[in-house]
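The numbers here are math on the coordinates, done by the rules we state, and not lab data. Keep in mind it's a predicted model, so treat the numbers as computed, not measured. In this analysis, Cβ positions are derived from the backbone assuming ideal geometry, glycine residues included, and neighbour counts consider all displayed protein chains.
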Amino acid sequence: MDHLLSLTTTLLAATTTTKKSSSSATFLIFIVIVVGALYFLFLRPNQQKAKKARQDNSSIAVGDRVVTIGGIVGRIEELQNDRVVLLTGNASADADVDEQPTRLVMLRTAIARKMVDPTPMPEVDDDEDDDEHDHVESDDASDTGKAEGETGA
């Protein structure tokens, strides 16, 4: 009888311990899943964005048009170790003699991005487009004339 009682007590203790360990294991798995989700949703994209910004910043060269983090647009005139000399303002040959471009010395990390030169649009035959465009304008003008006549009457 004592053996049966001790066996029952041992089995009861084993099942109780199993329930506690399974619930703690479930909780541990839940915590691992939440931490993994947070990493892939928030930390990893920020790390990739920072890596791309560092690569873009290291690829700038003299003559590139850039935008700073403050929104200043200019052309890089000179590169030193961690400094950039930026030429802003009207630096074209058509500029007035009195107007001089501004030279700014900035940290290299102040460059937000390179400006991409816009690609030219493909040329379209102007004769066909003008005829269609004139026809549409005449239809719009007649519609507005009718609408104005109706409201005035």
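A cut-off under 9 angstrom between Cβ atoms defines the neighbours of residue 56, and their net charge, with Lys, Arg +1 and Asp, Glu -1, is +4.
Tally Lys/Arg at +1 and Asp/Glu at -1 over every other residue whose Cβ is under 10 Å from the Cβ of residue 67; what's the total? Neighbourhood net charge equals +3. Full extension of the chain segment joining residue 44 with residue 107 gains 20.0 nm, where the gain is 0.36 nm per residue of separation less the Cα-Cα distance.
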